[in-house]
Amino acid sequence: MRKICASRRGLWRQVWPPCGSALCYMADPEVARIAAETGTTRAVASMHRAAQEHPGAILAVGNAPTALLAIVEEIEAGLRPALVIAVPVGFVNVVESKEALFAACAAHGVPAIAAMGRKGGSTVAAAVCNALVYSAAEMLDPAARGWK
């Protein structure tokens, strides 16, 4: 399993190695250069790069609604990610971007988890990712993660 997200913070790194890797392009200098040259955001450039380099990945977005709109563009152009986690938070274009993404995913058979409305955030995205990894690694029981 590969996951591309807007941030790797909050992911429980001890569990990820056997399940795949978590990648983040937001701070990548090449993404920053492309965003500046094309007059877009790093979030948009990050999602376009993720789509090109990891077309079957899980894409998780917890902050930038523009990243969801980039994923919509990629899905309409043929991208078929394994899953899209769409939980950005805020007021500007958040509801519309989630609705557009969910509609594109439904139309093209792409699984999606979305927190509809204005709520969400990076912590929600990390929690969803961690829960999926715990499930995949058969670590849903807290005792399996070292809790006593």
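FYI, it's all coordinate maths here, none of it is from the lab. Given the structure is predicted, the values throughout are model-derived calculations rather than measurements. Quick reminder, even Gly has a Cβ in these numbers, built from the backbone with ideal geometry, and neighbours come from all protein chains shown.
Using θ = phi - 60° and the Karplus form 6.51 cos²θ - 1.76 cosθ + 1.60, what ³J(HN,Hα) does each residue of the range 64-75 get, whole Hz, x for Gly and Pro?
8, x, 4, 5, 5, 5, 5, 5, 4, 4, 5, 5
Over the Cα atoms of the range 68-117, how large are the radius of gyration and the largest Cα-Cα distance (Dmax), in Å?
10.0, 29
Are there chymotrypsin sites (Phe, Trp or Tyr not before Pro) in the range 59-148 that DSSP puts in a loop and that have at most 15 other Cβ atoms within 10 Å, and which ones?
Taking the range 59-148 and a limit of 15 other Cβ atoms within 10 Å, the loop chymotrypsin sites (Phe, Trp or Tyr not before Pro) found are Phe91, Trp147.
If you line up the Cα atoms of the range 101-140 on their principal axes, what length do they span on each, largest first, in Å?
33, 24, 11 Å, listed from the longest principal axis down.
For the range 35-148, divide the Cα radius of gyration by the Kirkwood radius and give the resulting Rg/Rh value with two decimals.
Using only Cα positions, Rg/Rh for the range 35-148 is 1.02.
Residue by residue through the range 44-53, what is 3J(HN,Hα) from phi via Karplus (6.51 cos²θ - 1.76 cosθ + 1.60, θ = phi - 60°)? Round to whole Hz and write x for glycine and proline.
Karplus-based 3J(HN,Hα) across the range 44-53 equals 5, 4, 4, 5, 5, 5, 4, 5, 6, 8 Hz.
Using modelled amide H (1.01 Å from N, peptide plane; none on Pro or chain starts), what sits under 5 Å from the amide H of Ala114, excluding residues fewer than 5 places away?
Answer set, sorted by chain and number: Ala86.
Among Lys98, Lys148, what is the fewest-to-most ranking by other Cβ atoms within 10 Å?
Values: Lys98 23, Lys148 4.
If I rank by nearby Cβ atoms, fewest first, I get Lys148, Lys98.
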